[in-house]
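Beneath this line is the structure, given in structure tokens, with notes to follow.
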Amino acid sequence: MKKRIFLVLFLLALASTAFSADIGSNKTRPSESEVGVEEKLGNIIPEGIYFYNSKGEEVEIKKLVSQRPTIIAPVYYKCTNVCNILQSKLTNILPRVKLNPGKDYQVLSVSFDSTETPAIAANEKNNYMAALPEKFGEDSWKFLTGDKENIDKLMNTIGFNFKKRPNSDMFIHPVTLVLISTEGKIVRYLYGTRLLPFDLTMAIVEAQKGNVGVSVKRVLSYCFDYDPEGRTYVFNVMRVSGTIIIVFIVITFLVIAFGGKKKRRKRDR
């Protein structure tokens, strides 16, 4: 009995250490209000947010998304890391999505770097469109740039928070796609660069119906933390380990409590 009690106390101390380490590490990470995604499922894209397409023409986001279900990819074109990976991944999986691009859905790559120009967007468009089959017309994937005011409006609306690196023209930012219905409703977030055609297809179908999808964001928030250096989600060993230990302690305590009662009953008999 004493050994079991000692084991429970030891595990409690271990769990406490794990959670303390996790709390300490959280103090050094940017909060989601600084860098990350604050999901705003069900929010409607408002009127009056204007960007420029790759031809230098002013376009309103609300009108663009009203044409067909839309995949918004918040990126910046000077990014040499995950933005390129994300868009390259799209060129790989979009041909495997069994829907008609430009009719059933469209993609908007939206730069959140106010220093980028339509000329830069045009160059990006040429590069990525060249990697797609001919069925992907010019209107199936648009590349946009804008000024800081309109960038902030759109990114605040979709809950995409980013931060410029000190003394650099690079940004710390999350990696996500945002699915928008034709009424401008935010219906789904897809995270990371490991996208699957099935997941993207289902998200587009949900956008077609205007249904707000179930997100795995809360699971990611608990089991994973956004690493601004690696610009990806990393598994939080300490947090998950602490949780497993707590669950094990509860089970052990119940076994000790109820197991002891059974033994006493047998002795009484």
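Every number here is computed from the coordinates shown, using simple stated rules; none is lab data. Bear in mind the structure is a predicted one, so any value in this text is a computation, not a measurement. Quick reminder, even Gly has a Cβ in these numbers, built from the backbone with ideal geometry, and neighbours come from all protein chains shown.
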Item to check | Scan of segment 127-144 for residues that are closer than 13 Å to Arg96 by Cα and acidic (Asp, Glu), ordered by number | outcome: none
Item to check | Hey, Ile186 outside any loop (DSSP other than H, G, I, E, B) and under 23 Å from the mean Cα position of the chain (by Cα) or not | outcome: yes
Checklist entry - If Val65 satisfies every condition in (1) surrounded by fewer than 21 Cβ atoms within 10 Å (Cβ to Cβ); (2) in contact (Cβ under 8 Å) with a residue 12 or more places away in the chain but one, which is the exception? => result (1)
Checklist entry - For the subset of segment 128-152 comprising residues that are of a type in the set (D, E, K, R) and part of a loop (DSSP other than H, G, I, E, B), which member is surrounded by the fewest Cβ atoms within 10 Å (Cβ to Cβ)? => result Glu134
Checklist entry - Any idea which residue in segment 72-96 is nearest to Ile45 (Cα to Cα), counting only those that are crowded, with 20+ Cβ neighbours inside 10 Å and β-branched (Val, Ile, Thr)? => result Ile72
